[in-house]
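These notes concern the structure reproduced below.
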Amino acid sequence: MKGKKVLVGVTGGIAAYKTAELVRLLIKADLQVEVAMTEGATWFITPLTLETLSGNKVITRMFGHVETPMDHIRCGQDADLIIIAPATANIIGKMAHGIADDFLSTCMLAATAKTLICPAMNDRMFLNPAVQDNLALLQKRGFAIIAPGSGELACGTDGPGRLPDPTDILEQALIFLSERDLEGCKILVTAGPTTEYIDPVRYVTNRSSGKMGYALARAALRRGAEVVLISGPTHLKPPPGIHFCPVKTAEEMKVAVFDHLNGCHIIIKAAAVSDYRPKETADQKVKKGAESLSLDMVKNPDILALLGQTKKDHPCILVGFAAETEDLVENARKKINAKNLDMIVANDVSRKDAGFETDTNAVKIIYADGRIEASRLMEKIDVAHLILDRAKALKDESP
Ligand code: CTP
């Protein structure tokens, strides 16, 4: 994203305070951010806040910019993306009808950049036919609109009108700004741990947070792929726009994977599947009794190995993960052969800065033909892009 420019237009609604977080996230994603605020917006959040977060002067007035008198023409043409958040009924109406009576509305008349409108207002205002017609008109003209969330609104009512979470606005922005090199590609990702129940309140699980698998799903979505994410229990929010299948046990994950296998070009098994499950799951909570207790465990299906066995019926690029604490490469290589994989991503999970629960990862990518590629320590989203680059190259090379 380095070097790409985003213009954030902030208008006068209570949700304006949330744009501070949005601007912070955009900057964190390596984007250059410029902010234009209407006079109304400055009642809800100060320009200084957004100036500090964006690192750029915030534009609030049409006139008086002696050094940059053409900002109203430049801003909307310089940007790779414009985000109007929150978009009030007023700016939506002005944009739909070509009214230019302040900096932002004038800038929008001259703008050429792709624009994402994020309406946020009272539910009655949002559902008013005038606003709905204006939104429909803007959509027809090629503006992208994120539907507001439903729920409790600042004015005390309940309904549609909440500004979507800034992380969801960021995600949509990154989809617009990314190169869509995975368009037409269906990618299935598994993520997280599985939980194997002992009784209704206890289970056996592992330390997987799901962060690597979710990063893969997010990166693939941004690049235009159709994404199925099959996830064990995690605390993560699935990115909007993916087909999300939550599961708990390895058995459930196996069923979900085989249900969604059809038409997949790439399958990435980042999930940490429990190798064993309790032989019996008690219907009722097991009561305390003897001084010691043994758990009888039976083997779970190896989903990846099953996929490897059926590869001739479902040709696709099969990518596994190898979570290891010793002999990383040797153990990972054995898994490539045993499970008929095209590529395995080997993780040293004993490191503090890589593997389970961390936001960063350093991996070794090992190919079926014996090649090894070591990555430096990177954010998991960057590791995800690297894995997708390599899996895509294998797909493009395959007959
Ligand atoms: N895997 C799977 N089903 C299982 C176990 C593992 O699909 N029952 C997949 C994982 O999603 C991962 C790969 O197999 O992509 C390797 O998992 P890992 O736990 O590293 O290895 P195992 O094959 O389980 O072997 P071991 O635990 O002995 O290292």
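The values are calculated or read from the model by the stated rules, or taken from the named source; none is laboratory data. Predicted model only: the values in this text are computed from it and were never measured. Every residue, glycine as well, gets a Cβ built from its backbone with ideal geometry; the counts of neighbours run over all protein chains shown. Accessible surface is based on the protein model in full, side chains and every heavy atom, while ligands, DNA and RNA are left aside. Shrake-Rupley method; radii C 1.70, N 1.55, O 1.52, S 1.80 Å.
Could you look through the stretch 264-285, keep only residues that are within 9 Å of the ligand (Cβ to nearest atom) and surrounded by 24 or more Cβ atoms within 10 Å (Cβ to Cβ), and pick out the one that is nearest to Lys392 (Cα to Cα)?
Per the criteria, the residue is Ile268.
Could you tell me whether any residue of the stretch 287-306 is in a loop (DSSP other than H, G, I, E, B), under 28 Å from Glu252 (Cα atoms) and among the small types (Gly, Ala, Ser)?
Yes: the stretch 287-306 contains one or more residues that are in a loop (DSSP other than H, G, I, E, B), under 28 Å from Glu252 (Cα atoms) and among the small types (Gly, Ala, Ser).
Across the stretch 357-399, which residue is modelled with the highest pLDDT among those that are hydroxyl-bearing (Ser, Thr, Tyr) and not in a loop (DSSP other than H, G, I, E, B)?
This residue is Tyr367.
So which residues in the stretch 308-321 are within 9 Å of the ligand (Cβ to nearest atom) and either over 10 Å from Ile268 (Cβ atoms) or hydrophobic (A, V, I, L, M, F, W, C) (or both), if there are any at all?
Of everything in the stretch 308-321, those that are within 9 Å of the ligand (Cβ to nearest atom) and either over 10 Å from Ile268 (Cβ atoms) or hydrophobic (A, V, I, L, M, F, W, C) (or both) turn out to be Val319, Phe321.
What's the number of the condition Val363 fails, among (1) open to solvent by 20 Å² or more (accessible area, probe 1.4 Å); (2) under 15 Å from Ala323 (Cα atoms)?
That leaves (1) as the condition not met.
Scan the stretch 256-275 and tell me whether some residue there is on the phi > 0 side of the Ramachandran plot and touching a residue at least 60 places away in the same chain (Cβ under 8 Å).
Yes, the stretch 256-275 has at least one match.
This table checks each residue for (1) within 23 Å of Thr60 (Cβ to Cβ); (2) open to solvent by less than 10 Å² (accessible area, probe 1.4 Å); (3) among the polar types (S, T, N, Q); (4) at pLDDT 95 or above.
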| site | (1), (2), (3), (4) |
| --- | --- |
| Leu127 | no, no, no, yes |
| Gly142 | no, no, no, yes |
| Ser150 | no, no, yes, no |
| Cys185 | no, yes, no, yes |
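Can you confirm whether the stretch 36-57 contains a residue that is acidic (Asp, Glu) and more than 21 Å from Cys107 (Cα to Cα)?
Looking for residues that are acidic (Asp, Glu) and more than 21 Å from Cys107 (Cα to Cα), one finds none in the stretch 36-57, hence no.
Cβ contacts < 7 Å: first residue among the acidic types (Asp, Glu), restricted to the stretch 321-346; second residue more than 10 Å from the ligand (Cβ to nearest atom) and open to solvent by 40 Å² or more (accessible area, probe 1.4 Å), any location; separation 6+ or different chain. Result?
Pairs found: Glu324/Asp348; Asp342/Ala368.
Residues are listed down the side, and each one gets a yes or a no for (1) open to solvent by 70 Å² or more (accessible area, probe 1.4 Å); (2) over 30 Å from Met297 (Cβ atoms); (3) charged (D, E, K, R):
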site	(1), (2), (3)
Pro164	no, yes, no
Arg180	yes, yes, yes
Val204	no, no, no
Gly232	no, no, no
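Given the conditions (1) among the basic types (Lys, Arg); (2) out of contact with any strand residue (DSSP E or B) (no Cβ under 7 Å at 6 or more places or on another chain); (3) farther than 21 Å from Leu188 by Cα, report the number of the one that Lys312 does not fulfil.
(3)
Would you mention how many residues in the stretch 296-307 are under 30 Å from the mean Cα position of the chain (by Cα) and either more than 8 Å from the ligand (Cβ to nearest atom) or open to solvent by 40 Å² or more (accessible area, probe 1.4 Å) (or both)?
Going through the stretch 296-307 one residue at a time, the tally reaches 2.
Identify the residue in the stretch 322-354 that is open to solvent by less than 40 Å² (accessible area, probe 1.4 Å) and in a strand (DSSP E or B) and, among all such residues, is nearest to the ligand (Cβ to nearest atom).
Ala322
Give the stretch 122-139 a look and list any residue that's touching a residue at least 40 places away in the same chain (Cβ under 8 Å) and closer than 21 Å to Leu7 by Cα, or say none.
If the condition is that a residue be touching a residue at least 40 places away in the same chain (Cβ under 8 Å) and closer than 21 Å to Leu7 by Cα, then Leu135, Leu138 are the ones that fit.
Collect the residues in the stretch 206-224 that are away from the ligand (no atom under 16 Å from the Cβ), open to solvent by less than 10 Å² (accessible area, probe 1.4 Å) and either out of contact with any His (no Cβ under 7 Å at 6 or more places or on another chain) or among the hydroxyl-bearing types (Ser, Thr, Tyr) (or both), keeping them in residue-number order.
Ala220
For the stretch 210-249, which residues satisfy the criterion of being charged (D, E, K, R) and within 18 Å of Phe321 (Cα to Cα)?
If the condition is that a residue be charged (D, E, K, R) and within 18 Å of Phe321 (Cα to Cα), then Lys211, Arg218 are the ones that fit.
Just checking, does the stretch 362-375 include any residue being polar (S, T, N, Q), within 14 Å of the ligand (Cβ to nearest atom) and in contact (Cβ under 8 Å) with a residue 12 or more places away in the chain?
no
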